[in-house]
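Just below is one structure, and these are the notes that go with it.
The values are calculated or read from the model by the stated rules, or taken from the named source; none is laboratory data. None of these values were measured; they are calculated from a predicted model. Glycine also receives a Cβ, built like all others from the backbone with ideal geometry; neighbour counts cover every protein chain displayed.
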Amino acid sequence: MAIDKASVKKKWMNFAERKLRLFRDKFVRKYNKEKLPTEIYNEDQKFYSITFCITCMNRLFHLKETLKKNIEDNIKYPNVEFVLINYNSQDGLDEWVKNNMQKYIDQGILSYYHTTEPKNFHASIAKNLAHKVGKGEILCNLDGDNFTGKDFAYYINYMINKHGENVLLHFKKKPFWGTEGRIVMSRVNFFKLGGYDETFLPIGHEDHDLINRAKAFGLEYHNIQIENFLRYLSNSTLEKSINCDEDPENYYNYESGNRKVSDDNIANNKLVANLEAGWGKVPLSKNFDKNFLIYE
């Protein structure tokens, strides 16, 4: 069997590029770390249950860097959960979780769900699954390449106590583009909005569509730019869409298509997604159970 030297070379170049980006992201990119307000730890406030919602298809290389760090940085918060959706990942994610994260499952901090159905990644469906099974009163979308920062859950709780439950918290700041999807809202409001729009193309603009619908729905928007919470690992354009189709398009083609649909929907006051078909209806196995269930 002949070896495709061009293909092998491309894979090695992609691998080398990823390693260089990882070094830059972890050790070269600078963040302004600030002292967090002591009020976030005030024991007189309500401590909401908070779920961080993570999805993965063939991105184990990110989770190896972020998942344990994020759990340890928030483990002291009184009621925190990390949900990880294995969206039919083919890169050894199951074995890695078994071998490295079981203690967090046993402690009830990590809830690990696995589906074997999807052949390709669909961001809205995967994120909806994570948000649907999350138990928290407050849900935070957390991309697998993001670092929360120390005591992020405490800060979220502080902001909810300060501004009320009908808020939308968005953690982003130029030029840290990698946290655009860090969206926080109540579970009640996420369900009222119908979650992420599953009629979209597989990736692109789904986060901003949710934000724009939520704002039009009446949620109070807060853009938080504390750099403690904005660390991330960057992706190439290829990596953004490579799992989305057998012959994936450029990420920005998907993004522009979804943006147009989103703009039209909001202009026509269609603020609730997935009204007809429902959402988050993919069978999942929890914590290595052999049974696969559809969660309502």
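Among the residues of the stretch 103-115, is there at least one that is touching a residue at least 40 places away in the same chain (Cβ under 8 Å), farther than 18 Å from LEU219 by Cβ, touching a Lys or Arg at 6+ places or on another chain (Cβ under 7 Å) and of a type outside the set (Ser, Thr, Tyr)?
No: the stretch 103-115 contains no residue that is touching a residue at least 40 places away in the same chain (Cβ under 8 Å), farther than 18 Å from LEU219 by Cβ, touching a Lys or Arg at 6+ places or on another chain (Cβ under 7 Å) and of a type outside the set (Ser, Thr, Tyr).
Across the stretch 126-161, which residue is farthest from GLU65 (Cα to Cα) among those that are among the charged types (D, E, K, R) and not in a loop (DSSP other than H, G, I, E, B)?
LYS132
Kindly indicate whether VAL83 is within 23 Å of ASN128 (Cα to Cα), out of contact with any Pro (no Cβ under 8 Å at 6 or more places or on another chain) and without any contact (Cβ under 8 Å) to a residue 24 or more places away in the chain.
no
Please work out if GLY195 is of a type in the set (Gly, Ala, Ser), within 26 Å of LYS69 (Cα to Cα) and part of a loop (DSSP other than H, G, I, E, B).
For GLY195, the condition - of a type in the set (Gly, Ala, Ser), within 26 Å of LYS69 (Cα to Cα) and part of a loop (DSSP other than H, G, I, E, B) - is not met.
Going by the conditions given, is ASN189 surrounded by fewer than 21 Cβ atoms within 10 Å (Cβ to Cβ) and either at pLDDT below 95 or in a helix (DSSP H, G or I) (or both)?
Spelling it out, ASN189 is indeed surrounded by fewer than 21 Cβ atoms within 10 Å (Cβ to Cβ) and either at pLDDT below 95 or in a helix (DSSP H, G or I) (or both).
When the residues of the stretch 151-171 are narrowed to those that are touching a Leu at 6+ places or on another chain (Cβ under 7 Å) and over 17 Å from LEU36 (Cα atoms), which ends up surrounded by the fewest Cβ atoms within 10 Å (Cβ to Cβ)?
ASN166
Could you list all residues from the stretch 213-237 that are part of a helix (DSSP H, G or I) and either among the aliphatic types (A, V, I, L, M) or in contact with an Asp or Glu (Cβ under 9 Å, 6 or more places away or on another chain) (or both)?
ARG213, ALA214, ALA216, GLU227, ASN228
Looking only at the stretch 238-295, filter to residues that are in contact (Cβ under 8 Å) with a residue 60 or more places away in the chain and surrounded by fewer than 12 Cβ atoms within 10 Å (Cβ to Cβ); which one of those is farthest from ALA130 (Cα to Cα)?
Step by step, filter the stretch 238-295, then rank; the result is GLU246.
Just one of the numbered conditions (1) under 22 Å from ARG59 (Cα atoms); (2) in contact with a Lys or Arg (Cβ under 9 Å, 6 or more places away or on another chain) is not true of ILE138; which one?
Here ILE138 meets the rest and fails (1).
For every residue, the table says whether it meets (1) buried (at least 19 other Cβ atoms within 10 Å of the Cβ); (2) among the small types (Gly, Ala, Ser); (3) more than 29 Å from SER241 (Cβ to Cβ); (4) modelled with pLDDT of 95 or more.
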site	(1), (2), (3), (4)
ASP25	no, no, no, no
VAL28	no, no, no, no
TYR31	no, no, no, yes
LEU36	no, no, yes, yes
PHE52	yes, no, no, yes
LEU67	yes, no, no, yes
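For (1) over 24 Å from LEU201 (Cα atoms); (2) part of a helix (DSSP H, G or I); (3) in contact with a strand residue (DSSP E or B) (Cβ under 9 Å, 6 or more places away or on another chain), each residue gets a yes or a no:
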| residue | (1), (2), (3) |
| --- | --- |
| LYS76 | yes, no, no |
| PHE82 | yes, no, yes |
| GLU95 | yes, yes, no |
| GLY108 | yes, no, yes |
| HIS114 | no, no, yes |
| SER124 | no, yes, no |
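Conditions (1) of a type in the set (S, T, N, Q); (2) surrounded by fewer than 15 Cβ atoms within 10 Å (Cβ to Cβ); (3) under 19 Å from the mean Cα position of the chain (by Cα), marked per residue:
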{"position": "PHE61", "(1), (2), (3)": "no, no, yes"}
{"position": "LYS64", "(1), (2), (3)": "no, yes, yes"}
{"position": "GLU72", "(1), (2), (3)": "no, yes, yes"}
{"position": "GLU81", "(1), (2), (3)": "no, no, yes"}
{"position": "ASN86", "(1), (2), (3)": "yes, no, yes"}
{"position": "GLY92", "(1), (2), (3)": "no, yes, no"}
{"position": "LYS98", "(1), (2), (3)": "no, yes, no"}
{"position": "GLN107", "(1), (2), (3)": "yes, yes, no"}
